[in-house]
Every structure is written in structure tokens, then in C-alpha cells.
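The values are calculated or read from the model by the stated rules, or taken from the named source; none is laboratory data. Since the structure is predicted, the reported quantities are computational estimates derived from the model, not experimental observations. Note: ideal-geometry Cβ built from the backbone for every residue, glycine included; neighbour counts use all protein chains shown.
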Amino acid sequence: MSLYRDRGVVLRTYKLGEADRIVVLLTPGHGKVRAVAKGVRRTKSRIGGRLEPLSHVDLLLYEGRELDIVSQAEMIEPWRPLHEDLNRLSAGMAMAEATEQVAQEQEPSEPLYRMLVGALRTLVDRPGPLVVASFYWKLLSLDGAGPILGSCASCGAGPPEANLVAFDIGEGGTLCRDCRRGQAVSPVALELVSWILGGQLAKVLQMPASATTVEVTNLAAISLERHLERRLRVLHALDTTT
């Protein structure tokens, strides 16, 4: 078996046998990796605590036929606030779940890795109400499903003729009154989405919770689920009003 080193964020773990765990990781050099961490459920394990969900670790792994094997794991960033605060933990797991669905096994994914690490760092330092939603919108864009926002995605009408009142990611984005389907959307919510995708993310992340941040979050969730064609389980446990 060949040996390789990479960094990674633990997206999910589940039990294997009496003492092992399967660890699902997002790495920049090898994409999504599924690996066995042997003996980590034993109390004397040296690396068990370093392979909890949302841990950011430096890894040494053996390449296996179906599952790789974790040989070493060293913590890069402990991110204790993620594990000590239920709201932060839930938000981080919501982003990890979406990442797992988008990431491809054995395909380098440096941009996705950097985006997830940056979002988790933001969640640790300044956990505003739009961290998860912003990550979802950027994830859609990174996965080739960035929405049309300045004109009608169906008929092409743009300002000032277009009265953009709805949003449907399946149709490509915003829709005018004549073409409307999907979700109703307010002008201020569309403006926030355009800021997220247009280089004003820092401004968005400083905003307090409001009816508009809830609207943007709900729209992001609906759009990402439509794109992935599956329900995001962790997201629906979040209270998006806080």
C-alpha cells in the first residue's frame, strides 16, 4: 500500500466493528476520502479525539483498495468553539453535510477545501446568521449552478423592464412577474445574495438576524437541495431565526 500525506476536515464519522471508525474527510489533494481509523474508539487511542467531526487535521494515510487507513493525525486547528456551542456545531455540520454531497472521491478539490475551512473559521470567530447561507450560495456557484440575479432567467428581461419577484434554481435564478415560479423573493433578499456572490461577503456576514436573513437562508437551502436532489438533514435542525 502506498503512503500519502494531506490535510483534511472531518465531515462525518461512523462506527466500524468494536473499536474502529470510518472517517469521511475533505482534503485538498485527494478530494473526498473515506478512511478507517483503527482502534480510535478505545479509551487509550492517541488520535481518536483528533478525528471528531469538523476537526482540521494533518494526515498520513495508507492507500487501500476500498478504504484508506489513517496512520497519523495531527490537529491543525482545534476549533473548540465549534464543539462547545450547539448552534455553532449544528451550523458547521450543516456545511459539512452539504460539502460531502458535492465533493468527489479522489478528485483534488483545493477551492472547496479552502472555502470550507474559511467558513468554519468564520463560524468560530464571528458566527453571524448568514454564515451557512453564504456557504451554500458559494457552494452552488462553485458547483456550476451559480444563479442569474440581474435579469429574468427565463425570458431574459432585465432592468428596468424586469420586475424580478421569484427565484427558481432549476430555471437558472431570478424570474420576472410573467415567468414567475418557484419561490417568491423580495428585492432586499436578492440584493444580499448578489453581495454574497459579488465580492461583498464580509459586509453580509456582519449583518444581524432579521426576516431578510431568514429569507436568504431558506432560499439558499431550497436551492441547494434542488440542485443536489436530496434533503439536507442537518440543516432542518437549525433555527434560522437566531
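Observations on the structure shown:
- Qualifying residue in segment 25-35 (condition: buried (at least 18 other Cβ atoms within 10 Å of the Cβ), in contact with a His (Cβ under 8 Å, 6 or more places away or on another chain) and not in a strand (DSSP E or B)): no
- Residue satisfying condition, being of a type outside the set (Ser, Thr, Tyr) and surrounded by fewer than 14 Cβ atoms within 10 Å (Cβ to Cβ), within set Gly170, Gly92, Gly146, Gly182: Gly170
- Scan of segment 90-128 for residues that are modelled with pLDDT of 95 or more and not in a helix (DSSP H, G or I), ordered by number: Ala103
- Beta carbons closer than 6 Å, at least 6 apart along the sequence or on distinct chains, never pair a first residue in segment 90-107 that is farther than 12 Å from Leu25 by Cα with a second that is surrounded by fewer than 16 Cβ atoms within 10 Å (Cβ to Cβ) and among the β-branched types (Val, Ile, Thr).
- His56 meets all of the listed conditions (1) in contact with a Phe, Trp or Tyr (Cβ under 7 Å, 6 or more places away or on another chain); (2) modelled with pLDDT under 95 but one, namely (2).
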